[in-house]
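Reading through the structure tokens given below for one structure.
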Amino acid sequence: MSVFVDYAQFYDVLYQEKNYEAECDSLEQIFSRYAKGTIMSILDLGCGTGGHVIPLTRRGYRVTGVDLSEEMLSKAQIKSNAACQSLDKPTFQRGDIRNLALNKTFDAVVSMFAVIGYLTTNDDLQAALRVARKHLQSGGLFIFDVWHGPAVLTERPMDRYKIIEADGERIVRFVHPELDILHHTVDVQYRILRLKDDLVLDEVSEVHTMRFFFPQEIVFHLECAGFRALHLSPFLHLEESLNERDWNLAVVAEAC
């Protein structure tokens, strides 16, 4: 799982259009609908550069963010110091979500932006689900999103590219995916160029192997780890039913 090393320096630029506030709105909608008590404390597993941690903190939650990448956490800390100056700061900690032990519980655990998809073996998946369960009291919520298997197999991942203009430079990202139907994974091969005029200033290549999931598979693994699945829907669309075109699947589970 040694990803987001060199890629981390480009992460916020490449995902600057991602609407973290809308995603936090969706989380609060889930809290309102499914929480048995008031949600005050949140554990973010795979917090990245703090995209969800910071707006949740600004909304009054006590948030702890955990990530394996030192590079991503460094960016998260810098952004948090700037954005949360007059608030209780969130806590960031480097850790592996497969064996994390903070010796405390939270009202909710979240794992956003397909972090669970990096758990490509059943053993790793179960380990991470047990970590989430260990950090919740009975009735606590676990919320995450993954790639939806029927959509991956219907639409099939394809080559694509993105160009970002910033500070007189161009960031160009090429994506080449390789689908493995047997193992329910996609090897996402990233190549990033940082250009100024025709000069290549930097070049990065990383492969992120992502797992996709099927609804009943998720329900089974949650039950094995001590959860009860409460709701599965298209990501950010809680009222809608899943179909084979919904690439991102949102999951709400309750600790038993």
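Side notes on the structure shown:
- Screening Ile39 on (1) buried (at least 19 other Cβ atoms within 10 Å of the Cβ); (2) under 30 Å from Val204 (Cβ atoms); (3) in contact (Cβ under 8 Å) with a residue 40 or more places away in the chain shows it passes everything except condition (2).
- Only listed residue being touching a Lys or Arg at 6+ places or on another chain (Cβ under 9 Å), touching a residue at least 40 places away in the same chain (Cβ under 8 Å) and among the β-branched types (Val, Ile, Thr), chosen from Val110, Val152, Val131: Val131
- One residue stands out in region 32-54 among those that are part of a loop (DSSP other than H, G, I, E, B) and of a type in the set (Val, Ile, Thr): the one that is farthest from Val252 (Cα to Cα), namely Thr49.
- Candidate set: region 55-74, residues that are part of a helix (DSSP H, G or I) and in contact with an Asp or Glu (Cβ under 7 Å, 6 or more places away or on another chain); chosen: the one farthest from Ala253 (Cα to Cα): Leu73
- Residue within region 242-256 that is assigned to a loop (DSSP other than H, G, I, E, B), among the acidic types (Asp, Glu) and either surrounded by fewer than 14 Cβ atoms within 10 Å (Cβ to Cβ) or at pLDDT 95 or above (or both) present: yes
- Comparison of Ile164, Ile143, Ile116 shows that the only residue that is under 19 Å from Val53 (Cα atoms), of a type outside the set (Lys, Arg) and part of a strand (DSSP E or B) is Ile143.
- Region 55-78: number of residues that are touching a helix residue (DSSP H, G or I) at 6+ places or on another chain (Cβ under 6 Å) and charged (D, E, K, R): 2
- Check on Ser26, closer than 20 Å to Pro234 by Cα, free of Cβ contacts under 8 Å to residues at least 12 places away in the same chain and among the small types (Gly, Ala, Ser): no
- If you go through region 75-94 and keep only what is among the aliphatic types (A, V, I, L, M) and either touching a strand residue (DSSP E or B) at 6+ places or on another chain (Cβ under 8 Å) or in a helix (DSSP H, G or I) (or both), you end up with Ala76, Ile78, Ala82, Ala83.
- The residue that is farthest from the chain's Cα centre (by Cα), among those in region 53-83 that are farther than 22 Å from Ala128 by Cβ and of a type in the set (S, T, N, Q), is Asn81.
- Residues that are within 16 Å of Gly65 (Cβ to Cβ), among the aliphatic types (A, V, I, L, M), touching an Asp or Glu at 6+ places or on another chain (Cβ under 7 Å) and in a helix (DSSP H, G or I) occur in region 6-26; there is at least one.
- For region 193-215, a residue qualifies if it is under 21 Å from the mean Cα position of the chain (by Cα) and surrounded by 14 or more Cβ atoms within 10 Å (Cβ to Cβ), and the qualifying residues are Glu206, His208, Thr209, Met210, Arg211, Phe212, Phe213, Phe214, Pro215.
The values are calculated or read from the model by the stated rules, or taken from the named source; none is laboratory data. Being a predicted model, the structure only gives us computed values, none of them experimental. All Cβ positions, even for glycine, are placed from backbone atoms using ideal geometry, and neighbour counts span all protein chains on display.
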